[in-house]
Structure formats: structure tokens, C-alpha cells
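Where a number appears in this text, it was derived from the coordinates with a stated rule and is not lab data. None of the values given here were measured: they were computed from a predicted structure. Using ideal geometry, Cβ is built from the backbone for each residue, glycine included, and neighbour counts are taken over all protein chains shown.
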Amino acid sequence: MEQALNKWFVILNPTSGNNASKRLWPEIKRLLAYYEFDFDYAFTEYERHSTELTYKALELSYKKIICVGGDGTLHNIVNGIMTQNYFPTPDIHVGVIPIGTGNDWVRTFKISRHIESAIKTIKRGRVLTQDIGVIDFITGTSPSVYFTNLAGAGFDGFVVSKVTKMKYLGKIAYLLGALISIFSFKNFNSKVTIDNEQVSGKTLMILIGLCRYSGGGMQLTNKPNPFDGKFDVSIAQNLNK
């Protein structure tokens, strides 16, 4: 157990970046060894497997995790951390080697997409503690979902559902997903209450931002700050398409 506490656990999504993670793993593994990381690793094998691997790593007393993948892989790892009972969440550290379609979270923190530079950033050991958002469903039929970057309802979520099916196209998937959605998405009724103020009516989308970028580098909320304890909320109402 003591040995695991001092080691990193690497979770790699082999399909991230149109299968780039799997192709680049030998080089990533070599560089981690070169920079004297003591680590074990596992590949994800199905959707949300990274959450299960996070549980397993923490159960085995690993408190330092490296995510090799995109925003989705990081999202699942964070949800594993936020829903476990092995360690207090501030005691768990996560480093990211970004290999994905959008890589939006790392843009806010200026983490390089160059593999060696990202590994050097982790090696420097500077720890930042950011805000985490949580979505609770009033029906009680679905578990809470945590997010580190941006949560969206309406058009944004509709686009994401399209992009997920086209990730093999790379960055162009976001543009194509948006274009398809423009012609097929229908505005919906919503009611948003913030600090006793209410906004309701026909809505195109609701965006709740913690970090600056989403959708492959777009800034969809005004001035999000992942360290101020606040959400940055944008509501687009009944816009003509």
C-alpha cells in the first residue's frame, strides 16, 4: 500500500484523438520513464471504463493519476474521484497528457499538447485546485454528474451528441455537428433560477462555465474563472436559426 501511495497510475483511452493515444503510447511510456515517473497503467476498454479504473486505482491507494486522452476521459476520471470514499478529494492529484478531439480543458491551464511538454508540466509538481460543478437530477433516477469545464443544456448538448458519433473526423467534427444541429434542433422551454432571479421561456441553450473553452476552442461564456467559486452562465433564448 505504501508503495502505491508514491506511484502514479496512468489511465489511457486508446481511442482518444482518433486512436492516437494507442499509437503514441510507446513514446509516452518512454518519456515517463525518462523523467523518472514511477507508474503503473491501464487502458480503457469501453465507455466510462476510466471511472471504474479510477475507483480501482484509489482502492489500491494510488493518489496520483495521469489522464492520457481527451476531455471525455478526464471528465470520467474526475467523476470517479468525486464519487469515491477512499481519500479526501484534495489529496488526489490529476495530471493530463492531452490527446483528444477538442482538448478544451487544457487550454485554460495552458497545458501543451506536445507530449514531452505536458509530461514536464506534471513533473514540475505545481498543484492547482479548481472549482468543480455538480448536476443533480430532480427526478432522482440518475446519479449526480460532476464537471470541470462546461455544462450545457439544449443546443450545446445536442451538438455534443452529434460530435460523439463523428470523432473519427477530428476537429472538423465540431463544425459539422453544429451545422447539422442548426437545421434539426428545436428550442425548448426552460426555467433558470439564480440567486432568487428567474429566467424562463423558449430557449436555445443554457451554458454553465467553469473554464474558458469548449467545442474545440470556442469561448461560449463570458468570463469564467475556475478558482472564484462561481459559475459563469449564458442563456440564449428563442433565437431564430
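A few points about this structure:
- Here the relative contact order of the stretch 2-124, from alpha carbon pairs under 8 Å that lie six or more residues apart, stands at 30 percent.
- Between helix 49-59 and the chain: long-axis angle, C-alpha atoms, 0 to 90°, nearest 10: 50
- Highest mobility in the GNM of the chain, judged by mean-square fluctuation with C-alpha springs under 10 Å and restricted to Gln130, Gln198, Gln219, is found for Gln198.
- Translational D in µm²/s for the stretch 133-236 (Stokes-Einstein at 37 °C, 0.692 mPa s, Kirkwood Rh from C-alpha pairs): 221
- Computed over the chain: relative contact order in percent, which uses C-alpha pairs under 8 Å that are six or more apart: 17
- Compactness index (Cα Rg / 2.2 N^0.38 Å), the stretch 189-241: 1.23
- Each label was represented as a point 7 Å from its Cα along the Cα-to-Cβ direction; for Ala33 and Asn18 these points are 3.0 nm apart.
- Residues of the stretch 131-158 with amide N under 20 Å of the 7 Å Cα→Cβ point at Val233: 131-140, 144-158
- For Ile182, Ile81, Ile11, the sequence from fewest to most other C-beta atoms within 10 Å is Ile182, Ile81, Ile11.
- Both radii were evaluated on the Cα set of the stretch 2-124; the Rg over Rh quotient, with Rh as the Kirkwood radius, amounts to 0.93.
- Highest mobility in the GNM of the chain, judged by mean-square fluctuation with C-alpha springs under 10 Å and restricted to Tyr174, Tyr86, Tyr46, is found for Tyr46.
- Computed from backbone phi, the HN-Hα couplings of the stretch 204-215 come to 7, 7, 10, 10, 10, x, 10, 10, 7, 10, 7, x Hz, rounded to whole numbers (Karplus: 6.51 cos²θ - 1.76 cosθ + 1.60, θ = phi - 60°; Gly and Pro given as x).
- Choice from Asn13, Asn149, Asn196 with maximal GNM fluctuation in the chain (Cα, 10 Å cutoff): Asn196
- Note: relative contact order over the stretch 133-236, using C-alpha pairs below 8 Å and six or more positions apart, is 25 percent.
- Amide hydrogen neighbours beyond the local backbone of Arg212, cut-off 5 Å, H modeled: Thr108
- When every Cα-Cα distance of the stretch 32-190 is counted in 10 angstrom steps from zero, the calculated P(r) takes the values 9, 34, 36, 17, 4, 0 percent.
- The residues Met205, Met166, Met82, Met218, when put in order of fewest to most other Cβ atoms within 10 Å, stand as Met218, Met166, Met82, Met205.
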